[in-house]
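Data block below; observations after.
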Amino acid sequence: MNTISTEAVQGRPAAGLGAGTSPMGTERSRLLGNLGAWGLLSLGGIIMLVPFLWMVLMSFKSLDEVYTFPPQILPNQFLFSNYAEVWDQVPVARFFSNSATVAISATLGVLLTSSLGGYSFARIDYPGRNTIFLLYLSTMMIPFAVIMIPLFVQMRMLGWINSLYALIVPGLFSAWGTFLMRQFMMGIPKELEEAAEIDGCGHFRIYSTIIMPLCKPVLATLAIFTFMGFWNDFLWPLIVISSRDLKTLPLGLAGFQQKVALNTPWHLVMALAVVSVLPILLIFIIGQKYYVRGIVTSGLKGAA
Amino acid sequence: MAPIATFMPDAARRRRVQRTLAGYFFISPGLLGLALFLVGPLIYSLWLSLTEWDIISPPVFVGLENFRTAFLDDKLFWVSLYVTVRYTLVAVPLTLIAALAAALLLDLNIRGISGFRAIYYLPAMTPAVASVVLWRWIFNSEFGLLNYILDFVGLPKVEWLISADVVMYSFWIMALWSIGPMMIIFLAGLHGVPRTLYEAAEVDGANAWRKLWAVTIPQLSPVILFNLVIGLINTFQVFTAGYLLTAGGPKNATLFYVLYTYRNAFEWLKMGYAASLSWVLFAIVMVMTIFIFRSLGRAVHYEAG
């Protein structure tokens, strides 16, 4: 039932609008339709691409080139030194390693707790399971704004304000991740583990040697989403982190662009922005398949 | 061993106990985490909403006073609610339609489509803070790209982030730029539409437009509903852009609800009041979700079985 349902988005004959009309006489109108679609896609593509390109181009300009009107599209000279300069002005390596520490530890934690929880929901039958599952589902509806104040108080009591623990520990658990893992594990045939059970395997052996290896694709999906979520998060770090050396990249970037009111060195701000985008872009390029799949399973299966 | 066990009640009971123990063992880390960092805080926050608390002196129980203040005395509460509702009412339909249109186009089997897909995902990859920083410069009245384009086609410059009348349009434009995830969900939904339905429609002589309304949209309705609800919930909680781009201004024109809650809590240290504001938000989101499912749920087409 819950097999991952698409070879999502990769070249399968389109079932949508322009395609599929009968051959011969309509060939010309099909071509025309495609041309129209191409035009629309290009227009939208420009809107999507230009701001992004603008950021990259700005990061290589000189300050003078930034403050000109009409704006200069290409820099006279690509100043890679901007990246070194921003390195001198703010502790970029620090921000980067803080972001990486938080995102990697939280992701590992979420993978562990979610896969354990998913296993419990999907593969073990015990009293109270459905009630707990419902509780899980209902927590997914709670807006973060409701949690942020008490969570802040909690972190303060634990002495974790201005500590990366405040960013990592509350994030080690994910109802959404557990749900995702459960959905996937439900689709694994029961027979696989019955054989193991006869051999006298405990649940932990079954989980670690049979189920988990089969879960690699969904683990990849969950890892990508969790990592991106933590890498990009702003509001929570803003609440619990104020010390400069503990800032994550988004926090550092926000601080950097606010600090200087007049004559903001926009070329340097953009360079820092590019630094914060790069890892995400890299992960996306490597794991595009899993990213799209994840949206499909969690989104659609959750809705319908 | 297993077949014998079924004839032995003791063994069966033991297995059941074992299963239960295993079940709770596996769920316990996650359950503990949710209890400590989600459900616990939720209950705590409900209590805080009934107090007045500046975080330094102990909280004072005031009953429903915070809610009374918000509804009757606090002008900014209404301003922030209005700003958020106004933003949501345009942003959600706008992004929904744009994402659907983009998905329909990206679903076509034409040359270069995978390149287009990559480009359309790009904004979704950009971290919120980076994209806000980027747009701040694009919206810059003097040197920004947008005003350059307007200038180029002979239109007057616009004070994108400075004029209280215009600033919301800037936010809508940014929302439009970030349709990526919604669009991917639509794309996935389009793949689930049975091919045979289109063939049947073609036999009946339906053109592309007719197929869109008679087949695609009805078949896609659960996905549309899902995107609508998620879109509403997310849009209602917008924070980063309002905080970084305009700091709620000009003239509170972008004082979004969560931003106002944040300020109450962490800038003015009105923890109790902020907690009650957050519960009003929770209630609004819940009522909205239930209302949508009640009113539109029936119109949605679900596959039999």
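Mind checking region A:146-201 for trypsin sites (Lys or Arg not before Pro) that DSSP puts in a loop (not H, G, I, E or B) and that have at most 16 other Cβ atoms within 10 Å?
Within region A:146-201, the qualifying trypsin sites (Lys or Arg not before Pro) (loop, at most 16 other Cβ atoms within 10 Å) are A:Lys190.
Among the residues of B:188-194, the average count of other protein chain beta-carbon atoms within 10 Å of the residue beta-carbon is 6. For chain B, relative contact order (Cα pairs under 8 Å, six or more residues apart, normalised by length) works out to 27 percent. Highest GNM mean-square fluctuation among B:Leu31, B:Leu176, B:Leu255, for chain B modelled with Cα contacts below 10 Å: B:Leu31. Label sites at B:Thr289 and B:Asp151, each approximated as a point 7 angstrom past Cα along Cα to Cβ, lie 4.7 nm apart.
The Cα atoms of chain B define a convex hull whose projected area, averaged across directions, is 26.8 nm².
Listed by chain and number, the lysines whose C-alpha is less than 20 Å from the C-alpha of A:Lys190, apart from same-chain residues fewer than 8 away, are A:Lys216. Positive end of the dipole of region A:84-303 (Cβ unit charges, origin at the Cα centre): among A:Gly128, A:Met186, A:Ile283, the Cα lying farthest that way belongs to A:Ile283. Solvent exposure of region B:65-297 amounts to 40 Å² per residue of accessible area, where only protein heavy atoms count and the probe is 1.4 Å. Among the chymotrypsin sites (Phe, Trp or Tyr not before Pro) found in region B:255-305, those both in a DSSP coil and sparsely packed, with 16 or fewer other Cβ atoms within 10 Å of their Cβ, are B:Trp268, B:Tyr302. Calculated on the alpha-carbon coordinates, the convex hull of the protein assembly as shown measures out at 190 cubic angstrom per residue. Taking amide H as placed 1.01 Å from N in the peptide plane, B:Thr51 has its amide H under 5 Å from the amide H of B:Val62, each at least 5 places away in sequence or on another chain.
In this label model, A:Gln89 and B:Asp165 are separated by 3.5 nm, measuring between points 7 Å along each Cα→Cβ vector.
When A and B come together, around 9500 square angstrom of accessible surface is lost from both chains combined, probe 1.4 Å. Think of each Lys and Arg Cβ as +1 and each Asp and Glu Cβ as -1; about the Cα centre, that makes the dipole of region A:84-303 roughly 300 debye. Stretching A:Ile73 away from A:Asp245 to a fully extended chain increases their span by 58.4 nm, per 0.36 nm per residue minus the current alpha-carbon distance.
Put B:Leu277, A:Leu219 in order of accessible area, highest first, and with a 1.4 Å probe you get A:Leu219, B:Leu277. As a rough guide to protection, the peptides B:18-26, B:201-209 ranked by mean Cβ packing within 10 Å, highest first, stand as B:18-26, B:201-209.
The charge dipole of the protein assembly as shown, taken about its Cα centre with unit charges on the Cβ atoms of Lys, Arg (+1), Asp and Glu (-1) only, comes to about 900 debye. What's the whole-number percent of alpha carbon pairs in region A:84-303 lying beyond 26 angstrom? So the portion of pairs separated by more than 26 Å is 46 percent. If R0 equals 41 Å, the separation of the Cβ atoms of A:Asp64 and A:Thr101 corresponds to a calculated FRET efficiency of about 0.60. Per residue of peptide A:33-44, the mean number of Cβ atoms on other chains within 10 Å of the residue Cβ is 4. Treating r as the C-beta distance of B:Val203 and B:Ile56 and R0 as 56 Å, the FRET efficiency rounds to 0.15.
Work from the charge dipole of the protein assembly as shown (Cβ charges, +1 for Lys and Arg, -1 for Asp and Glu, about the Cα centre) and give the residue of B:Ala175, A:Trp266, A:Pro143 farthest towards its positive end. In the protein assembly as shown, that residue is A:Pro143. Checking every one of the chymotrypsin sites (Phe, Trp or Tyr not before Pro) in region A:49-139 against DSSP loop status and a limit of 12 other Cβ atoms within 10 Å picks out A:Phe78, A:Phe80. Once all protein chains are placed together, A:Val153 keeps about 0 Å² accessible to a 1.4 angstrom probe.
How would region B:2-48 be classified by its alpha-carbon gyration tensor: rounded, prolate or oblate, with rounded meaning a/c under 1.5 and the a/b versus b/c comparison settling the rest? Prolate, since a/c reaches 1.5 and a/b exceeds b/c.
The values are calculated or read from the model by the stated rules, or taken from the named source; none is laboratory data. Being a predicted model, the structure only gives us computed values, none of them experimental. Quick reminder, even Gly has a Cβ in these numbers, built from the backbone with ideal geometry, and neighbours come from all protein chains shown. Just the protein is used for accessible areas: all its heavy atoms, side chains included, with ligands, DNA and RNA removed. Shrake-Rupley method; radii C 1.70, N 1.55, O 1.52, S 1.80 Å.
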